[in-house]
Amino acid sequence: MSLTSVSLLLAVLFTFCGLIFSKGKGQSLLAAFVMLTPEERKNIDIKKLCRKMSPILYVYAVGFLLMAIFTELNWTFFYFISIAIFLYGIGRTMHLLQKAKDNLL
């Protein structure tokens, strides 16, 4: 399986997960939520958290889509743009989860 096809597959997967999260579902996919105690879970509006996570999943999907396109076209410089998009998505994810944790405490 080539890098292009793997990237396209992951783009579809992240888009699908984004759709699930945009509906306020998918809490079982959040590892941090699964690790919380039942008392801590009561303090978190999980539907709101899932809806806030969905745009980030779309950012990852766009990153994988761009990676597939730039790999196929052999545009190495632009390939690094897709990596920058991933780094942005990771930063946004960490910020959102830290904010949710701070609201919990």
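Rule-based calculations on the coordinates, nothing more; no lab input. Quick caveat, the model's predicted, so the values are computed rather than measured. Counting neighbours? That spans all protein chains shown, and the Cβs are built from the backbone with ideal geometry, glycine included.
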Nearest 10 degrees, 0 to 90: helix 3-22 Cα axis against the chain principal axis: 30
Charge-dipole axis of the chain as Lys and Arg at +1 and Asp and Glu at -1 on Cβ define it, positive-most pick from Gly26, Met67, Leu13: Gly26
D_trans [Stokes-Einstein, Kirkwood Rh over alpha-carbon pairs] for the stretch 58-105, 20 °C, 1.002 mPa s, µm² s⁻¹: 183
Ratio of the Cα radius of gyration of the chain to 2.2 N^0.38 Å, where N counts its residues: 1.22
Candidate aspartates and glutamates for bridging to Lys52, where Cα separation is under 20 Å - those fewer than 8 sequence places away on the same chain excluded: Glu40, Asp102
Nearest-20 debye value, the chain charge dipole, Cβ charges on Lys, Arg, Asp, Glu: 440
